[in-house]
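The values are calculated or read from the model by the stated rules, or taken from the named source; none is laboratory data. Remember, it's a predicted structure, so these values are computed and weren't measured experimentally. FYI the Cβ positions are ideal-geometry reconstructions off the backbone, even for glycines, and counts take in every protein chain you see. Please note that ligands, DNA and RNA were not included when accessible areas were found on the heavy atoms of the full protein model with its side chains. Shrake-Rupley method; radii C 1.70, N 1.55, O 1.52, S 1.80 Å.
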2 protein chains.
Amino acid sequence: MADEPGGPELKIGVIGIDHGHIVGMVDGMLDAGAKVVAWATGVQTSNEQREAFQKGYPEAVEKSAREILEDETISLVLSAAINAHRADIAIAAMRHGKDVLVDKPGCVNLDQLSRVREVVTETNKIWSIYFAERVNAESSTLADQLIAQGRIGDVVQVIGQGPHSLSPSTRPSWFWDLNLAGGILADLGTHQIDQFLHFTGSREATILSAFVDNVATPERPGFQDFGEVLLEGDEGRGFARVDWLSPKGLPVLGDGRIMIMGTEGSIELRKFIDLAGRDGADHLFLANDKGVNYFDAGGAGKPFFVRLLKDIENRTYTAMSQEHAFLVTDLALRAQSIGEGEENW
Amino acid sequence: MADEPGGPELKIGVIGIDHGHIVGMVDGMLDAGAKVVAWATGVQTSNEQREAFQKGYPEAVEKSAREILEDETISLVLSAAINAHRADIAIAAMRHGKDVLVDKPGCVNLDQLSRVREVVTETNKIWSIYFAERVNAESSTLADQLIAQGRIGDVVQVIGQGPHSLSPSTRPSWFWDLNLAGGILADLGTHQIDQFLHFTGSREATILSAFVDNVATPERPGFQDFGEVLLEGDEGRGFARVDWLSPKGLPVLGDGRIMIMGTEGSIELRKFIDLAGRDGADHLFLANDKGVNYFDAGGAGKPFFVRLLKDIENRTYTAMSQEHAFLVTDLALRAQSIGEGEENW
């Protein structure tokens, strides 16, 4: 591997392509300058998914997971395996000297999280999580910039609404299994908790209330299609709803919204659609003492990926602190337990 | 008083014009066909307020509160007195045989509410509350119609955001006194709790969490500029934020929003402004399996007032059930206590 201007080229191996997020993860790292060399996936992955991945990334060679783990030229493992398998893939990768970027959720139970924490401590490897609704959304990048410029003062509260379209016929069997997918707050809740902690700047948080239910999917009795969580952080407050009930009439997967309220103004993100309004995605609305402004956030960039690439090189944590990845996961899993009535408030 | 087609003309007396809501209250009843004959107000009312009222309603004669109470031709007393005075005005009016419409909040403490309840039982008079953000908002009327048509299925959750502009120089001294104004959840919270109960159709509810704080008004240490409440009703769930931090750059008092999520779609109300979007107020966005639709709700009407007028004549409760007025007030006052840490959750 020759040293090139800007440092050696980072080689990526992919283990697990069961969730479509893998495309955003690979593309983000490719855009940042990395190279995807190999991929592996599990027996439950459909032929359509395998073919699509092969077609999308012809430069990558399909191998076994073991071959990827043992390939010393690979520095970073990406995984969008079945939710419940990501922790063990991450652990194996870190023990083989690789950093890791897993799709959210990184873990589906607290035992997995505890084991991941141990291996991070043991190996000093990076365990990062792809919270797509923030790190792959340019409206979030612009929000970061506006908040850093003081345009809404100090952030007081983040309200998130994360509807997702269920499209049951497209879902693999593991999606319906709580033990494999995690519950709705363990899974979709991570996006919301990530954004709450990130935008408020909180490094600690308490769950004030959490709730999960099946309100409109009677044909799947064990499935959770609705979740709520209320949080109090050391730097602000957060409430979120997530659901699998986004109506079919929307041209996007869901009308994801984030309202960031500050002491001197507020920012609303209409991430995927501006209902009956402007075309496209990445809409940001700023209201403060100077007036009301609309921003098309397209072009604001997705700095997460370049930062992660540099972090891997420099052994830093500029893309995401290790504690943040742990805290989001811990809160999401605890909220899930509380919502299921398994833990006291 | 001659019988006219459609029944005798309802005569209104106004006692207390300290809050600007009195204009919406009087206008609503005038539009419904009532007549305002007399008004009285307290010593703290400013000359500007008195002159504006006199100019707005020259047909009404300024009298003492006692004269209005003792005028047997007056059937309905309206009051937007100082918040803490409304309960006693309502009690006096009911004991003088009159029905009552008070501005929100109807009470600032549970003792007042308990006394109002007793007098309602004793007199069988109507104690109704003007929840302006619903009964005076045509977008809410249209939401009622769309929900009744089944356009979003069963309502699951209502998320409300009620920012208000503080404009401190325009506020009378009593506004800053918690004992006279009530706290932020006791006051602004009533709008949100009213809408949560109304749109979910809940007749019972539990407060899961409540919070009040002063986050950005250090010059008024005892003042609460931020409040949150999370509720679970027998027919749905609700979360709301209220605040006095709406930025000066908005051309309206606040970007009040209601998101009503149903099992088959959702309705968003942008009541007072469509940020950087369409002109005017009363914007409604419907998303369901049929698609996304924008509605200008202007013209949907404010049926509350005609219903109240008929209720007074027919001794019915079509405008608002008596229990709803009690329940909103009870929940708002309890949320306030919980938020202040005076009551356990």
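Points to keep in mind about this one:
- Leading residue by the ranking (farthest from the other protein chains (Cβ to nearest Cβ)) among those in the range B:264-281 that are open to solvent by 30 Å² or more (accessible area, probe 1.4 Å) and touching a residue at least 60 places away in the same chain (Cβ under 8 Å): B:A281
- Of the residues examined, A:S169 is one that is outside any loop (DSSP other than H, G, I, E, B), surrounded by fewer than 17 Cβ atoms within 10 Å (Cβ to Cβ) and small (G, A, S).
- Hey, A:Q161 out of contact with any Ser or Thr (no Cβ under 7 Å at 6 or more places or on another chain), surrounded by fewer than 24 Cβ atoms within 10 Å (Cβ to Cβ), at negative phi and in contact (Cβ under 8 Å) with a residue 40 or more places away in the chain or not: yes
- Of the residues making up the range B:233-256, those that are part of a strand (DSSP E or B) and more than 8 Å from every other protein chain (Cβ to nearest Cβ) are B:G233, B:G236, B:G238, B:A240, B:V242.
- Looking only at the range B:184-218, and only at residues there that are within 24 Å of B:D154 (Cβ to Cβ) and of a type in the set (A, V, I, L, M), the one that is nearest to the chain's Cα centre (by Cα): B:I193
- Residues (surrounded by 19 or more Cβ atoms within 10 Å (Cβ to Cβ), among the aliphatic types (A, V, I, L, M) and touching an Asp or Glu at 6+ places or on another chain (Cβ under 9 Å)) located in the range B:296-311: B:A297, B:A300, B:L308
- Subset of the range B:186-201 that is out of contact with any Lys or Arg (no Cβ under 9 Å at 6 or more places or on another chain) and surrounded by 23 or more Cβ atoms within 10 Å (Cβ to Cβ) - its residue that is farthest from the other protein chains (Cβ to nearest Cβ): B:A186
- No other residue among B:N288, B:N293, B:N314 is at the interface with another protein chain (Cβ under 8 Å from one of its Cβ atoms) and open to solvent by 20 Å² or more (accessible area, probe 1.4 Å) apart from B:N293.
- Per the listing B:V43, B:V23, the residue uniquely out of contact with any strand residue (DSSP E or B) (no Cβ under 9 Å at 6 or more places or on another chain), assigned by TED's automatic domain parsing to the domain that holds B:V119, under 22 Å from B:Q112 (Cα atoms) and open to solvent by 60 Å² or more (accessible area, probe 1.4 Å) is B:V43.
- Some residue of the range A:332-341 being within 12 Å of chain B (Cβ to nearest Cβ), out of contact with any helix residue (DSSP H, G or I) (no Cβ under 9 Å at 6 or more places or on another chain) and without any contact (Cβ under 8 Å) to a residue 24 or more places away in the chain: no
- When the range B:262-284 is filtered for residues that are more than 22 Å from the chain's Cα centre (by Cα), part of a loop (DSSP other than H, G, I, E, B) and not charged (D, E, K, R), the ones remaining, listed by number, are B:T263, B:L275, B:A276, B:G277.
- Within the range B:290-345, the residues that satisfy the criterion of being outside any helix (DSSP H, G or I) and of a type in the set (G, A, S) are B:G291, B:A297, B:G298, B:G299, B:A300, B:G301, B:A319, B:S321, B:G341.
- Residues being part of a loop (DSSP other than H, G, I, E, B) and either within 11 Å of chain B (Cβ to nearest Cβ) or acidic (D, E) (or both) - total across the range A:218-232: 3
- Of the residues making up the range B:60-109, those that are within 13 Å of B:M25 (Cβ to Cβ) and of a type in the set (S, T, Y) number 1.
- For first residues located in the range B:143-157 and polar (S, T, N, Q), partners that are part of a loop (DSSP other than H, G, I, E, B) and lie 6+ apart or on another chain with Cβ distances below 9 Å form the pairs B:Q145/B:R151; B:Q145/B:A300; B:Q157/A:V215.
- A:V158 more than 29 Å from B:E228 (Cβ to Cβ), of a type outside the set (S, T, N, Q), assigned to a strand (DSSP E or B) and in contact with a Lys or Arg (Cβ under 8 Å, 6 or more places away or on another chain): no
- Counted residues, the range B:102-121 - those being of a type in the set (A, V, I, L, M, F, W, C) and over 18 Å from B:S321 (Cα atoms): 2
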